[in-house]
Amino acid sequence: MADLVIEHLERTRLGEAAVMLARAFDDSPIFEYLFPDDRARARITAGFFRAVCSDALPFGDVYVAVEDRRIIGAACWYAPGRYPPSQLRQLRQLANVLALGRHAPSRMRMALTYLNATEKVHPKNEHWYLAILGVEPERQGQGIGARLIDHTLDPLDHEGLDAYLETDKESNLAWYARRRFELRETLHPAPDGPPTWTMWRAAL
């Protein structure tokens, strides 16, 4: 990965990053449960990731892994005070989610149930929030995700700042644990749906 670089996402490449993230999360247990139709899932998740990254871009903490001018990974962070979004930003995000609902209208209520469940337990104390971390499927397991997350975690260690995230893959728990994230809660928003886990990383 000698030619791999980590850089800020440019707004002109927002769509490219969103489509890559949709591929990265195509096997997400929650997205598969919410949107079992492959085509609808791809459209909805790409739109969702575009909306989240667009919201975070003004704050300067959306990073991409670029190799040969191609985006192969992305990490979207919110610095302390940037999350939860302001009322205006929340309304904008809600409008985006509702617009995506036309691809799977019968599933949007459950999608909002999952969003509300995670929002309800989101920590109120100051922290950095890792909203998204994803890598192109064929490049997963090659250390790209580690490069992306460590790009922010290393400065957080230096500054003594906490971090927080959610994941819906149980296999990710050990990976994040190697970076000192500890399991905080296991959420079951839907009785017949997959769980989601929250994790906290205390400052050094």
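The values are calculated or read from the model by the stated rules, or taken from the named source; none is laboratory data. On a predicted model such as this, the values are computed, not experimentally measured, just so you know. Neighbour counts are summed over all protein chains in view; Cβ atoms, including those assigned to glycine, are modelled from backbone coordinates with ideal geometry. Areas reflect the complete protein model, heavy atoms only, side chains present, ligands, DNA and RNA absent. Shrake-Rupley method; radii C 1.70, N 1.55, O 1.52, S 1.80 Å.
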In the set Ala74, Ala40, the lone residue that is in contact with a helix residue (DSSP H, G or I) (Cβ under 8 Å, 6 or more places away or on another chain) and at pLDDT 95 or above is Ala74
Note: among Asp3, Asp68, Asp27, just one is under 30 Å from Pro191 (Cβ atoms) and either free of Cβ contacts under 8 Å to residues at least 12 places away in the same chain or surrounded by fewer than 16 Cβ atoms within 10 Å (Cβ to Cβ) (or both), namely Asp27
### Message
Among the residues that make up region 142-150, is at least one of them part of a loop (DSSP other than H, G, I, E, B), open to solvent by less than 30 Å² (accessible area, probe 1.4 Å) and of a type outside the set (Gly, Ala, Ser)?
### Response
no
With the first residue restricted to region 79-104 and required to be more than 11 Å from Ile44 (Cβ to Cβ), and the second required to be surrounded by 11 or more Cβ atoms within 10 Å (Cβ to Cβ) and of a type in the set (Val, Ile, Thr), Cβ contacts under 8 Å at 6 or more apart or on different chains are Gln93/Val52
Picked from region 180-193 (must be over 17 Å from the mean Cα position of the chain (by Cα) and not in a strand (DSSP E or B)), the residue surrounded by the most Cβ atoms within 10 Å (Cβ to Cβ) is Pro189
Per the filter on region 71-88, residues of a type in the set (Gly, Ala, Ser) and surrounded by 16 or more Cβ atoms within 10 Å (Cβ to Cβ) are Gly73, Ala74, Ala75, Ala79
Of those in region 30-53 that are without any contact (Cβ under 8 Å) to a residue 60 or more places away in the chain, closer than 18 Å to Ala95 by Cα and out of contact with any Asp or Glu (no Cβ under 8 Å at 6 or more places or on another chain), the residue surrounded by the most Cβ atoms within 10 Å (Cβ to Cβ) is Phe48
**Message:** Please verify whether Leu91 is modelled with pLDDT of 80 or more and either closer than 25 Å to Tyr33 by Cα or open to solvent by 80 Å² or more (accessible area, probe 1.4 Å) (or both), treating the condition exactly as stated.
**Reply:** yes
Scanning region 106-141 for residues that are exposed (fewer than 15 other Cβ atoms within 10 Å of the Cβ) and more than 18 Å from the chain's Cα centre (by Cα), the one nearest to Gln93 (Cα to Cα) turns out to be Arg109
